[in-house]
Every structure is written in structure tokens, then in C-alpha cells.
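Rule-based calculations on the coordinates, nothing more; no lab input. Worth saying up front: this structure is predicted, and the values here are computed from it rather than measured. No Cβ is skipped: glycine too gets one built from the backbone with ideal geometry, and neighbour counts run over all protein chains shown.
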Amino acid sequence: MKIINLKDYYPYYKEDSFIEVSDEIAERLESDNHADEAHRIRTLRHKAYYSLDLGDQIEKATITNHAPSADDVYEHQENLRMLRNVFDDVGQKAAKGVLTEKQMRRLSMFYYDGMSFTDIAAKENCDWSSVRDTIERGMKRLREYFEKN
């Protein structure tokens with residue numbers, strides 16, 4: 001039998017907590033620790049911090065590495081609410097004077113269909129940054145329109 005410190009194996013133990021375990025369990029815990037450390041070292045050595053399958057704005061996701069803030073979520077919900085007002089029957093007639101056809105089409109694909117900038121760009125055969133700029137300008141024009149009315 002071996003005495004181990006649970007603090008060494010479980011991160012949620014903040015203080016030393018010693019227990020007696022069988023040799024097989026102690027050996028298994030030790031081998032798991034070695035495997036975890038080997039994986040951590042390989043990750044550092046090969047700079048494998050993220051996957052290339054992340055999609056749009058991989059640099060931002062890698063640098064920030066956190067979930068969207070409450071402000072981001074709120075802004076996205078407000079944008080969806082404005083778009084629902086715009087794309088209903090009455091709002092669509094009013095939006096025709098506010099948005100260009102391209103802005104309406106891209107906003108619809110981005111917010112309603114859930115397409116990414118790169119998906120829209122591939123569909124329209126253009127650069128993803130121009131899609132992003134068009135969507136941002138359209139949302140700005142809509143905000144200005146709704147603030148006036």
C-alpha cells in the first residue's frame with residue numbers, strides 16, 4: 001500500500017490530503033500524470049495550441065481564447081431584432097430605401113441562414129473582408145435609421 005497526496009493528482013484539492021491506496025492505483029495515477037505531462041510538452045514543442053478547422057477569425061479566437069462577452073451576445077440579439085423588423089413586410093419596404101440589395105442579401109445570409117463570412121464570400125465569389133465590411137455598413141445604416149424613427 002502507498003500513501004499519496006490527492007493535491008498532486010486533483011487540481012480542486014487546495015490543501016494536502018493524504019490517503020492510502022493500493023500499489024496498482026498509485027502506479028496508474030503516476031502513469032496518467034506522465035502521459036499528461038508528455039502531451040503538454042508535445043503541445044508546447046509543436047506549438048499546437050489550436051486547430052486549423054476553427055474557421056473565420058482564427059487569430060482572434062486564438063488570442064482572446066474566451067467565450068463571447070455578455071455585451072457581444074446582447075449586441076448580436078439586438079442586431080437580430082432589428083433585422084426581424086426590417087425583413088417583415090412593412091420593414092422590407094422601408095429598408096429598400098436604407099439598405100442596398102447587396103447589404104440586404106448578405107445580412108439575410110449572415111443572420112438568418114447562419115452563414116459565415118467565408119461561406120458568403122465563396123457563394124458570391126469575393127473576399128471575406130468585403131462581406132464583413134458590407135454587413136457592418138448595413139448594420140450601421142440600420143441603427144441610424146431606427147434611431148431617427
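Calculate log10 I(q)/I(0) of the range 2-46 for q = 0.14, 0.27, 0.29, 0.31 Å⁻¹, where I(q) comes from the Debye formula with a single equal point scatterer on each Cα and nothing for solvent.
Once normalised to I(0) and log-transformed, intensities are -0.40, -0.95, -1.00, -1.05.
How much net charge surrounds Ile4 when only other residues with a Cβ under 10 Å from its Cβ are counted (Lys, Arg +1; Asp, Glu -1)?
-1
Pull out the extension gain between Arg45 and Met1, defined as 0.36 nm times the separation in residues minus the alpha carbon to alpha carbon distance; nm, one decimal.
Difference between extended and current length: 12.2 nm.
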